[in-house]
Amino acid sequence: MADDDPATRSPAAWWFSSDVPGAEGPWGWRLDVVTLLAVIGESSIAEHTQTITASIFCLFPRIIPAPQAFLKPSRPPRLPETTAKMSGVHSGVVLDTVGFFANIIHPLDELPAFSFKVLEITHTDRNNAGGIEVPRMLTNGATFFSKWGSRTKTSTDLPSIIHPPTIPRGPPSDRAKETPRDTPTPNAGFNTSNDVEAAAPAQGITRRITMKQKLQDFAANPTLINDSGRPAVPATLYSPVHVLAVFSVMLTASIIGFAAHYKDGTAIIAVSLISFASSVVGWASWWKPLLMKRSHTNKVPRGDVIIRTREGAFLLIKCTEEVARELYSGTEECEYHVSGQAYRALMGLGTCLLMIAVILLGNCKWNSQIFIGASYITLNGLYWAMGLLPKRYFWDLSRYRVEDVTPEEAKGAHAITSADPREGVPSYTRTLWYTIRETKRTAWIERSGAAPGTPQWLKWLAEAEQAAERGVVDWPSVARKDEIMKVDDDVGRSPVAPEPARAFDEAEQKAPLNEVQPRDWRSGDGTL
């Protein structure tokens, strides 16, 4: 029939025809496998799903390899955690996991077996430590709350705000050389204590937020409400995910322009639907982190924590209770921008758009299929390479200042330090003694199961704590443990045990008491 002749078709029908001259490749070749390229690479994308959806960049319409990785039945309520034994030195809190952001600051998988490390973590901006903003105080007890006035008034206008007009007074006498009560008290900063709650907070140096931080905060939480609070740990502005998102947008626009040049309407609709589907599923999964903060300002112990890995490495974190709540003992929850019902509706819409787009991709013309296939291959390679980068490149951790304060005599805990066959070789007992020497406490050991609660181990812990309090550096921890644990062959009992009612069992002396158990990896319940 005449209607089947491509030459007699209308210009609109030509855009959506696959049998016209130029629609097929040489010798009748077609790249129908381009539909498979669009859904390959799910493992690489699944690794970055939470990072991709942590900022407004997830709303950009673009092509993404394996968009079905975002189509999950439920969203994870919390950030993924790392399995390790964590215990509070002063608080007594014992947990089996370490938070997501804490593991980015100090990756636990990089710690060698039987190593020991001490880190001091503080807030970079101590005026807003733990979410408690320090007000500007005057000596007369007044508080300067006018944030709008402080932003609109210049420095020359501040004296008229702080100092109201007063009646002129005579010169002060020689006896009364006191600071006028209208003069602000000069503050040098916070109390020298590491704990912001050890004393009344004092105004420190206020650092102005830079343009990069404003853009970064807007990308994480673009709200029009001025709540004067920054997100705790936003995605960094120059994150590789953001750079790749901008590149994908430009690549998508290039594909549409290339398809328009060759009058391939099918490719234009297919790429547009895939791009729109990525925006829909990105909006459904858009979130921001919520760190736990203290609701009261009462005096509390320090928040120092000890982390023990399965390989026998110990990590001592010296921090305040505010830092411990945010990174360690608190929960890192995900606050989503859409509700649960809206999430399911958007997931259904994204699924329908994706299925229609995949069908249309198989009917694109030859030149468009080449361009689309090459684009997906390139993006798959870039997302795979992005998985090789450390996670600290994706998150802005400038909220915290980290300093390595490991003592010199403890830096070689994972290496051979001398020819002594006991004290010179790395061992769990020696590293445990290094930790006791630094904390000068042993109650956290009993609570976390770092050592058994037998009379022999309790005796060793008591002697180790006494040696640490006396400041002994080279206490023979391994030799002393062997002496206490030595079993008399004739009696079959420990010489230090007070006549136990049952036979001596070597199995109960094994340390640690509680091993770090591997986490049960379940990907079907919405968790990562």
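Structure values in brief
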{"item": "Filter result (in contact with a Pro (Cβ under 9 Å, 6 or more places away or on another chain) and not basic (Lys, Arg)) within the range 62-91", "result": "Leu79, Thr82, Thr83, Gly88, Val89, His90, Ser91"}
{"item": "Single unsatisfied condition, Gly92 versus (1) within 15 Å of Arg302 (Cα to Cα); (2) of a type in the set (Gly, Ala, Ser); (3) within 20 Å of the chain's Cα centre (by Cα)", "result": "(3)"}
{"item": "Members of the range 400-416 that are open to solvent by 60 Å² or more (accessible area, probe 1.4 Å), out of contact with any strand residue (DSSP E or B) (no Cβ under 7 Å at 6 or more places or on another chain) and not in a helix (DSSP H, G or I)", "result": "Lys411, His414, Ile416"}
{"item": "Failed criterion for Ser248 (all others in (1) assigned to a helix (DSSP H, G or I); (2) surrounded by fewer than 20 Cβ atoms within 10 Å (Cβ to Cβ) hold)", "result": "(2)"}
{"item": "Residue match in the range 298-310 (condition: among the hydrophobic types (A, V, I, L, M, F, W, C), open to solvent by 20 Å² or more (accessible area, probe 1.4 Å), modelled with pLDDT under 90 and more than 27 Å from Leu379 (Cα to Cα))", "result": "yes"}
{"item": "The range 417-455, residues that are more than 20 Å from Gly88 (Cα to Cα), modelled with pLDDT under 90 and in a helix (DSSP H, G or I)", "result": "Pro455"}
{"item": "Of residues in the range 322-347 being among the acidic types (Asp, Glu) and in contact with a helix residue (DSSP H, G or I) (Cβ under 8 Å, 6 or more places away or on another chain), the one farthest from Arg78 (Cα to Cα)", "result": "Glu322"}
{"item": "Ala66, sole failed condition from (1) at negative phi; (2) out of contact with any Cys (no Cβ under 7 Å at 6 or more places or on another chain)", "result": "(1)"}
{"item": "Residue in the range 334-351 that is outside any helix (DSSP H, G or I) and of a type in the set (Ser, Thr, Tyr) present", "result": "yes"}
{"item": "Hits in the range 254-304 - residues which are among the polar types (S, T, N, Q) and either part of a helix (DSSP H, G or I) or under 24 Å from the mean Cα position of the chain (by Cα) (or both)", "result": "Ser254, Thr266, Ser272, Ser275, Ser278, Ser279, Ser285, Ser295"}
{"item": "Among the residues listed as Leu360, Leu315, the single one being open to solvent by 20 Å² or more (accessible area, probe 1.4 Å) and not hydroxyl-bearing (Ser, Thr, Tyr)", "result": "Leu360"}
{"item": "Residue in the range 379-399 that is within 27 Å of the chain's Cα centre (by Cα), open to solvent by 60 Å² or more (accessible area, probe 1.4 Å) and of a type in the set (D, E, K, R) present", "result": "yes"}
{"item": "Checking Leu316 against (1) assigned to a helix (DSSP H, G or I); (2) modelled with pLDDT of 95 or more, the condition it does not meet", "result": "(1)"}
{"item": "Residue within the range 219-231 that is part of a helix (DSSP H, G or I), surrounded by 19 or more Cβ atoms within 10 Å (Cβ to Cβ) and at pLDDT below 90 present", "result": "yes"}
{"item": "Unmet criterion (only one of (1) within 30 Å of Glu469 (Cα to Cα); (2) in a helix (DSSP H, G or I); (3) over 27 Å from the mean Cα position of the chain (by Cα)) for Ser375", "result": "(1)"}
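The values are calculated or read from the model by the stated rules, or taken from the named source; none is laboratory data. What you are looking at is a predicted structure, and each value in this text was computed from that prediction instead of being measured. Ideal geometry is used to build each Cβ from the backbone, glycine not excepted, and the neighbour counts take in all protein chains shown. We work out accessible area using only protein heavy atoms, side chains counted, and drop any ligands, DNA or RNA first. Shrake-Rupley method; radii C 1.70, N 1.55, O 1.52, S 1.80 Å.
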